[in-house]
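Take a look at the structure below.
Every read-out reported here was derived from the displayed coordinates using simple, explicitly stated rules and does not represent laboratory data. Just so it is clear, the model here is predicted, and its values are computed rather than measured. When we count neighbours, we look across all protein chains shown, and the Cβ atoms used for this are built from the backbone with ideal geometry, even at glycine.
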Amino acid sequence: MDLRLTPEERAFRDEVRAFIRDNLPTDTRERMRLGYSPRKQDTVAWQRILNKKGWAAISWPKEWGGPGWSAVQRMIFIEENQAAPAPELLSFNITMIGPVLIQFGTEAQKSRFLPRAANLDDWWCQGFSEPGAGSDLAALKTAAKREGDHYIVNGSKIWTSTAHNADWCFVLVRTNPNAAKRQEGISFLLVDMKTPGITVRPIVSIDGAHHLNEVFFDDVKVPVEMRVYEENRGWDVAKFLLGNERTGIARLGKSRERVAAAKEAARSVRFNGRPLIEDAAFRQRVVQLEVDMKALQITQYRVVSAGAKKSDGRPDPLSSVLKVKGTELLQATTELAMDTAGPLAMPIWAQELAEMANEPDMLAEAAEQATGNYLFLRAASIYGGTNEIQKNILSKAVLRL
Ligand SMILES: Cc1cc2nc3c(=O)[nH]c(=O)nc-3n(C[C@H](O)[C@H](O)[C@H](O)COP(=O)(O)OP(=O)(O)OC[C@H]3O[C@@H](n4cnc5c(N)ncnc54)[C@H](O)[C@@H]3O)c2cc1C
């Protein structure tokens, strides 16, 4: 990144780095260095520390607690925070519902929800996808029927990340099943997860962990004042939200951190009687990834600084490049971290093999997490809009095919 940063941006990066070094709780950093996902309490505690500093609501206007950073400063912060490694800001709160309420919410919605979202007093989740409505989101069927000053919601959502942790969910519902265009019959509701009639059922993913859920709505009563923007205009809100979702999606800091972890582990792991770090094939793989990360970093810098000069406020279709290449690299770097561990990466054997080979326990623990990370991040090319859909956007909007 040094290649293109101005002296002021470099000074800002150093300030961010120093703040994270001095304020990130040590146990959180150590767990994350071993490859564990942050626990709910780690994410809440860290976001509150950042919020106290004025660094949580990073893309919001100052009036609502934003730090007044440029797009490049936000990119630097996100990357340094990922590379630390520190828990990421909860994107449902910071990049999704916050900007939506600032753009479309009523004054009452803004003052009730924004300060709590910044401080993670409320944990939000995203109820968009349904069985049969993912890439083709406008096919969604969850229905909301107006009865007086309430909507009655019936239907179900799927792949709802962290719904089991959530206090609130922003949900797309169908309010007019007879609209001429499917997109014209959708509304955007804020739903309290404690409302009677909501059932959250876990989906355990390939890494053996519980990140995902199905959410069922059975005659759930939602007050009309919890609708954001006009009835049947929820698609405008959803499009705005999905444009923001791609911010920071390259997750380069996370890739950088995974390569650093693999290099560190490769000093202890032995291969053909020598430390793996001295193996020519391993070194070549690391160098190739580092070159690719540098190239993506420069591209990201170009896209972000060009985006900052645009005045139409619409998402740059080039951010799809960042999603595609960023997630490919995330998958390649987590694969490197797993391969570095060799047979230790097989969780059922990790502890036993480590004992037999007299490897440090920490290595076995990190190896086990590396496998989980690798397996879960196969999903990175699916969530946030699949990579195939991103390629469709690029072929239409950039290549004009
Ligand atoms: C880990 C994870 C977390 C998620 N978290 C959330 C969440 O919190 N909230 C939420 O609402 N959703 C969430 N999702 C859902 C996610 O948004 C959808 O999985 C995604 O949009 C794809 O939809 P789908 O699964 O229905 O697949 P489909 O849309 O059925 O796609 C199946 C395949 O067909 C391809 N395809 C589909 N249409 C086209 C096309 N037009 N051209 C070319 N190829 C196409 C896709 O690329 C994919 O490979 C999450 C998903 C995952 C995996």
Original post:
Which value, in debye to the nearest 20, gives the size of the charge dipole of region 124-234 about its Cα centre, when Lys and Arg are +1 and Asp and Glu are -1 at the Cβ?
Top reply: 220 debye
Original post:
So what's the angle, to the nearest 10 degrees on a 0 to 90 scale, between helix 361-376 and the longest Cα principal axis of the chain?
Top reply: 40 degrees
Original post:
Using a simple charge model, +1 on the beta-carbon of Lys and Arg, -1 on the beta-carbon of Asp and Glu, nothing else, what dipole does region 61-156 show about its Cα centre, in debye to the nearest 20?
Top reply: 220 debye
**OP:** For ALA11 and GLN41, compute 0.36 nm times the residue count separating them, minus their Cα-Cα distance, and round to one decimal in nm.
**Re:** 7.7 nm
Subject >> Scattering profile of region 124-234 at q = 0.11, 0.13, 0.15 Å⁻¹ [log10 I(q)/I(0), Debye over alpha-carbon scatterers] >> reply: -0.32, -0.44, -0.58
**OP:** Provide the gained length on full extension for the span VAL287 to ARG400, in nm with one decimal, where the gain is 0.36 nm per separating residue minus the Cα-Cα distance.
**Re:** 37.3 nm
Original post:
Hey, got the Cα dimensions of region 22-109 along the principal axes, in Å, largest first?
Top reply: 43, 26, 19
Original post:
HN-Hα J couplings of region 143-156 from phi, Karplus 6.51/-1.76/1.60, θ = phi - 60°, integer Hz, Gly and Pro as x?
Top reply: 9, 10, 9, 7, 9, x, 9, 10, 9, 10, 9, 9, x, 8
Subject >> Cβ-derived FRET efficiency at R0 35 Å, THR386 paired with THR195, nearest 0.05 >> reply: 0.65
Original post:
Against the longest principal axis of the chain, how steep is helix 71-83, in degrees 0 to 90 to the nearest 10, with axes from Cα atoms?
Top reply: 50 degrees
Original post:
Taking the Cα centre of the chain as origin and charging only Cβ (+1 Lys, Arg; -1 Asp, Glu), how large is the dipole, in debye to the nearest 20?
Top reply: 1120 debye
Subject >> Computed over the chain: relative contact order in percent, which uses C-alpha pairs under 8 Å that are six or more apart >> reply: 14 percent
Subject >> FRET efficiency estimate (nearest 0.05) - Cβ-Cβ, ASP218 to GLU107, R0 30 angstrom >> reply: 0.40
**OP:** Compute the long axis of helix 40-53 from its Cα atoms, compare it with the longest principal axis of the Cα atoms of the chain, and write down the angle in degrees, 0 to 90, nearest 10.
**Re:** 80 degrees
**OP:** Towards the positive end of the charge dipole of region 202-251, with charges on Cβ (+1 Lys, Arg; -1 Asp, Glu), say which of LEU241, ASN213, VAL228 has the farthest Cα.
**Re:** LEU241
**OP:** Using only the alpha carbons of the chain, determine the length spanned along each of the three principal axes and report them from longest to shortest in whole angstroms.
**Re:** 75, 48, 48
**OP:** Sort PHE376, PHE92 so that the residue with the fewest other Cβ atoms within 10 Å of its own Cβ comes first and the one with the most comes last.
**Re:** PHE376, PHE92
**OP:** Mind checking region 189-253 for trypsin sites (Lys or Arg not before Pro) that DSSP puts in a loop (not H, G, I, E or B) and that have at most 15 other Cβ atoms within 10 Å?
**Re:** LYS194
Subject >> Tail fraction, Cα-Cα pairs, region 246-398, threshold 25 Å, whole percent >> reply: 38 percent
Subject >> Relative contact order computed over region 246-398 (Cα-Cα under 8 Å; 6+ residues apart), in percent >> reply: 29 percent
Original post:
Mind checking which lysines have their C-alpha under 17 Å from LYS181, skipping anything on the same chain fewer than 8 residues away?
Top reply: LYS141, LYS239
